[in-house]
Amino acid sequence: MTTPQTMTAAASGTWRLGDLTVNRIGFGAMRLTQNGEAFATDAAPSDRDRAISVLRRAVELGVNHIDTAAFYFSRLRSANELINRALAPYPDDLVITTKVGPGRDLSGRWLPHATPGQLRGQVEENLRQLGRDHLDVVNLRIVGTDSIAERFAALARLRDAGLIRHLGLSNVTPEHLAEAQAIAPVVCVQNQYGIGVRPDQDGFVRACGEQGIAFVPFYAIAGAGREAGASGAEGDAVLAVAQAHGASAAQVRLAWTLHRGPHVLAIPGTGNPDHLAANVAAGTLRLSEDELAALDSLHRGGA
């Protein structure tokens, strides 16, 4: 699969996050801050100039949806600071989505998730780092199955105060979504999902589409490798589709997620400009019914 310089994220189609229109191929900022496994406390910091150039190139390639968080940082790098440095003053059509709930101390160690009363501080820290007077989309990221009502209501109050434009959820169940929707509108759900990863999410993905809610898979390329990245081991079905299209396995994985519905968005992250161009080009990859059936079989088998 070729990746000509004229190929842009617009070819992937669009979806609306509330009143904000984004191209379905976006960019995840998690891997910008360091080399090696994300969140590893001993990883070497990324090259700052290269990270800034990747962000600027992403926008040149039509990416107008960037996913970030204040807890995306390494010893010398902050994803939000890099975004601010690279892209401010921000293009009018750029949508920056961030997450609150988790936190890390200066050494990089994870802290207990924020209480309802602590969420405002996390929102304000994202505002400060990004240099914004409001946040486009804020996802409440959670762990576990406990009620999210108090925390989501706290974010809804910040939305009413004008600090947040739209609300989303991350790492949640259908029950969490229903609980949140009883409080305020939800524009997106961000959960782990990909070929062979969380096939139990298939129904949730469809349900989000039926409700007009974006479903945003994370680790769509890395799969079970999560923060460590893709393992390089691929099933025969992925390799066969890749060979037929002259594409990479990563491009096939991204294309498969986009084929799950027009409401499914992709946020692949990279600090490599070549990988960036390839990820954007994956938005043009059209899979046949037979290819989708083979990949779906692999998905359901958990491989």
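What follows draws every value from the coordinates through simple rules; no lab data is involved. This structure is a prediction, so every number in the text was calculated from the model and none was measured. Note that each Cβ is placed from the backbone with ideal geometry, even for glycine, and that neighbours are counted across all protein chains shown.
Taking the inverse of the mean reciprocal distance over all distinct Cα pairs, the Kirkwood hydrodynamic radius of the chain comes to 19.3 Å.
Work out how much length T115 to E60 would gain on full extension: take 0.36 nm times their residue separation and subtract the Cα-Cα distance, in nm to one decimal. Walk me through the numbers on the way to the answer.
On the way: separation 55, 0.36 × 55 = 19.80 nm, distance 3.85 nm.
Taking T115 through E60 to full extension adds about 16.0 nm, to one decimal.
Counting every other Cβ atom within 10 Å of each residue's Cβ, T257, T8 order from fewest to most as T8, T257. Residues whose amide H comes within less than 5 Å of that of F218, counting only those at least five positions distant or on another chain, are N191, Q192, Y193 (H built at 1.01 Å from N in the peptide plane). Specify the angular offset, from 0 to 90 degrees and rounded to the nearest 10, of the alpha carbon long axis of helix 249-258 from the longest principal axis of the alpha carbons in the chain. Approximately 60 degrees, to the nearest 10. The ranking of F204, F71 by Cβ neighbour count inside 10 Å, starting from the fewest, reads F204, F71.
Report the FRET efficiency, 1/(1 + (r/R0)^6), for A240 and D93, where r is their Cβ-Cβ distance and R0 is 41 Å, rounded to 0.05.
On the way: r = 37 Å, r/R0 = 0.91.
The pair A240/D93 has a calculated efficiency of 0.65.
If R0 is taken as 45 Å, the Cβ-Cβ distance between R85 and D160 corresponds to a FRET efficiency of 0.90.
Ordering V205, V123 by the number of other Cβ atoms within 10 Å of each residue's own Cβ, fewest first, gives V205, V123. Rounded to the nearest 20 debye, the dipole magnitude of the chain is 600 debye, with +1 charges on Lys and Arg beta carbons, -1 on Asp and Glu beta carbons, and the Cα centre as origin.
Using DSSP, restrict attention to beta bridges with both residues in the range 23-159 and report what percent are antiparallel, rounded to the nearest 5.
Working: 4 of 13 bridges.
Bridges in the range 23-159 that DSSP calls antiparallel: roughly 30 percent.
For the range 84-91, backbone phi angles converted through the Karplus equation (6.51, -1.76, 1.60; θ = phi - 60°) give residue-by-residue couplings of 4, 5, 6, 10, 6, x, 6, x Hz, Gly and Pro being listed as x.
Say a site is exposed when it is one of the trypsin sites (Lys or Arg not before Pro), sits in a DSSP loop, and has at most 12 other Cβ atoms within 10 Å; what is then the longest site-free stretch of the chain?
Details: sites that count: R109, R286.
So the longest stretch without any such site is 110-285.
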